[in-house]
1. Out of the residues in the range 300-316 that are of a type outside the set (Lys, Arg) and under 22 Å from the mean Cα position of the chain (by Cα), state the one that is farthest from Phe342 (Cα to Cα).
2. Scan the range 302-312 residue by residue and report those that are surrounded by fewer than 17 Cβ atoms within 10 Å (Cβ to Cβ) and not in a strand (DSSP E or B).
3. Check Leu38, Leu66, Leu46, Leu54 and return the single one that is touching an Asp or Glu at 6+ places or on another chain (Cβ under 8 Å) and hydrophobic (A, V, I, L, M, F, W, C).
4. Which one of these does His149 not meet: (1) surrounded by 24 or more Cβ atoms within 10 Å (Cβ to Cβ); (2) under 19 Å from Glu10 (Cα atoms); (3) out of contact with any Ser or Thr (no Cβ under 7 Å at 6 or more places or on another chain)?
5. I need a count of the residues in the range 350-377 that are among the hydroxyl-bearing types (Ser, Thr, Tyr) and not in a loop (DSSP other than H, G, I, E, B).
6. Please state which one of Ser176, Ser257 is of a type in the set (Ser, Thr, Tyr), touching a strand residue (DSSP E or B) at 6+ places or on another chain (Cβ under 9 Å), farther than 28 Å from Arg75 by Cα and buried (at least 19 other Cβ atoms within 10 Å of the Cβ).
7. Residues of the range 279-301 being small (Gly, Ala, Ser), more than 17 Å from Leu33 (Cβ to Cβ) and not in a loop (DSSP other than H, G, I, E, B), which ones?
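The values are calculated or read from the model by the stated rules, or taken from the named source; none is laboratory data. All of these numbers come straight from a predicted model, not from anything done at the bench. Every residue, glycine as well, gets a Cβ built from its backbone with ideal geometry; the counts of neighbours run over all protein chains shown.
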Amino acid sequence: MSRRYIFSSESVTEGHPDKVCDTISDYILDACLEQDPLSRVACETLAKGNLVVLAGEITSNAKFELDEHVREAVRNIGYVNGDCIFHADTCRIICEMTEQSRDIKQGVDEAAAEGKGTAEQGAGDQGLMFGFACNETPELMPAPISFAHKLGRELTRLRKEGEIPWLRPDAKTQVSIEYHGHKPVRASAIVVSTQHAADVKQKEIRETLIELLIKKVIPAEWLDEKTTYLINPTGRFVVGGPEGDAGITGRKIIVDSYGGMGRHGGGAFSGKDPSKVDRSAAYMGRWVAKNVVASGLADRCEVQFAYAIGHPEPVSVSIDTFCTGKVDEEKLERAVCEVFNFKPAEIIKQLNLLRPIYRKTTNYGHFGRVDDLDAITWERTDKAEELQKAVR
C-alpha cells in the first residue's frame with residue numbers, strides 16, 4: 001500500500017541576502033570567462049548592511065573593474081529603492097582576492113607535474129556529487145521545488161515590471177506537496193514571505209499575493225479548500241536583504257539543487273569555474289539522471305559519483321532508481337558509463353562549460369531550467385535514445 005506523506009521545498013528570490021552574494025560571485029565569474037575562457041575562479045561574497053566583501057582566488061588574463069560588476073549585479077537585482085539601506089550606488093566594496101594555489105593548479109592543469117600521477121586534467125577538488133530527476137513535472141523535477149521556484153520567478157516579475165509597486169527584492173517561497181507513494185496529488189500548504197514597502201497593510205499583501213501570484217502560478221487542480229496559505233506570517237517584512245541578515249555565497253545549496261528531494265554532495269556552485277567539480281560534475285549528474293528518466297528507463301533516478309583532487313577518473317559511479325527502473329540497475333549503470341564520460345575535462349567539453357553562462361543559472365534553481373538549452377546544456381535530453389540502445 002502506498003504511503004501518504006507531505007514533502008516541502010523552499011526557494012528564495014534573487015534579493016535574498018545569500019542569493020545577492022551568489023549573483024555577485026557569478027557575475028564576476030562570467031566577466032572572467034568572457035575575456036579568458038581558461039580563467040580559474042573561486043569567488044566568495046559576503047554582504048551585510050551596505051557592505052560587500054569579495055574574497056577567494058582568481059587566476060585570469062581578464063581585465064576589468066570588480067566594483068563595476070558588483071554594482072551591476074546589485075542594480076539588476078533591484079536594490080535601487082531609497083527605502084533600502086543596501087543600495088547598488090552606495091554600497092561599500094572590499095576586495096581580498098589572491099591567485100589560485102600553485103599546488104591545486106598543477107593538479108587541475110592538463111600537464112605533467114612532479115608527484116602527479118597523470119598529465120591529464122584532474123578534478124579541482126575531492127568530493128561527491130549527485131544528480132537527480134523524476135517524472136513528476138514536465139521539466140523532470142520534483143514538484144515541491146519546481147512550484148517554489150515558479151512562485152519566486154513570478155514574484156520577481158511582478159516586482160520588476162511594476163505590477164505590484166510595494167514589493168521589494170528579498171523574498172522566500174515554500175511549497176508543501178502531499179504524496180501517495182511517489183505520486184504528488186495536491187498542495188497542502190504554500191508559504192510566501194516577501195519584503196515590502198512600509199506603508200502597505202498585511203491584509204492587502206495577503207489578498208494580492210493569493211490572487212495575483214499563487215492562484216496564477218499553481219494549477220487549480222493542485223489547490224483545494226484544505227490548502228493552507230501563509231503570507232508574511234510574521235505580519236511585517238520591511239527590513240530585508242543584507243540590511244536584515246548577512247548573506248554569504250553558497251548557503252542555499254538545497255534551493256539550488258532539488259529542494260531536498262534528491263541528495264546533495266555539499267559543494268556549492270556559484271562563483272566557481274567548471275574546473276571545480278562541485279559545479280561541473282553536479283551539472284553532469286543532472287544531465288545523466290534527466291536522460292535516464294527521459295528515456296523511460298526509470299521514473300526516478302539519482303546518480304552519484306566522487307572524485308579525488310588532481311585525478312581525472314571518478315573514484316565511483318552509482319545509480320539508484322528507487323525501485324522504479326525498467327531494467328536492472330547494474331545494466332543501467334554500465335550503459336550510463338558507456339554513453340557518458342565523467343572525466344573533468346570531458347564534462348567541460350560535453351556540456352560546453354567554458355562560456356560566460358553562469359549568471360543565468362544563479363537564481364530559481366540550477367536544474368529544471370528549460371528556457372535556454374543553448375546555455376543550460378545539462379537540461380537537454382539528447383542522450384535518451386542512445387541510453388535506450390545501450391541497455392539492450
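1. If we take residues in the range 300-316 being of a type outside the set (Lys, Arg) and under 22 Å from the mean Cα position of the chain (by Cα), then Cys301 is farthest from Phe342 (Cα to Cα).
2. Listed by number, the list holds a single entry, Ala308.
3. Leu54
4. In the conditions (1) surrounded by 24 or more Cβ atoms within 10 Å (Cβ to Cβ); (2) under 19 Å from Glu10 (Cα atoms); (3) out of contact with any Ser or Thr (no Cβ under 7 Å at 6 or more places or on another chain), His149 misses (3) alone.
5. Going residue by residue through the range 350-377, those that are among the hydroxyl-bearing types (Ser, Thr, Tyr) are 358, 361-362, 364, 377.
Okay, now just the ones that are also not in a loop (DSSP other than H, G, I, E, B), so 358, 377.
Going through the range 350-377 one residue at a time, the tally reaches 2.
6. Just a single option satisfies the conditions, and that option is Ser176.
7. Going through the range 279-301, the residues small (Gly, Ala, Ser) turn out to be 280-282, 285, 289, 294-296, 298.
With the extra rule that they be more than 17 Å from Leu33 (Cβ to Cβ), the set shrinks to 281-282, 285, 289, 294-296, 298.
Ala281, Ala282, Gly285, Ala289, Ala294, listed by residue number.
Residues checked against (1) in contact with a Pro (Cβ under 9 Å, 6 or more places away or on another chain); (2) hydrophobic (A, V, I, L, M, F, W, C); (3) closer than 30 Å to Ala189 by Cα; (4) in contact (Cβ under 8 Å) with a residue 40 or more places away in the chain:
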residue: Tyr27; (1), (2), (3), (4): no, no, no, yes
residue: Leu38; (1), (2), (3), (4): no, yes, no, yes
residue: Ser60; (1), (2), (3), (4): no, no, no, no
residue: Ala73; (1), (2), (3), (4): no, yes, no, yes
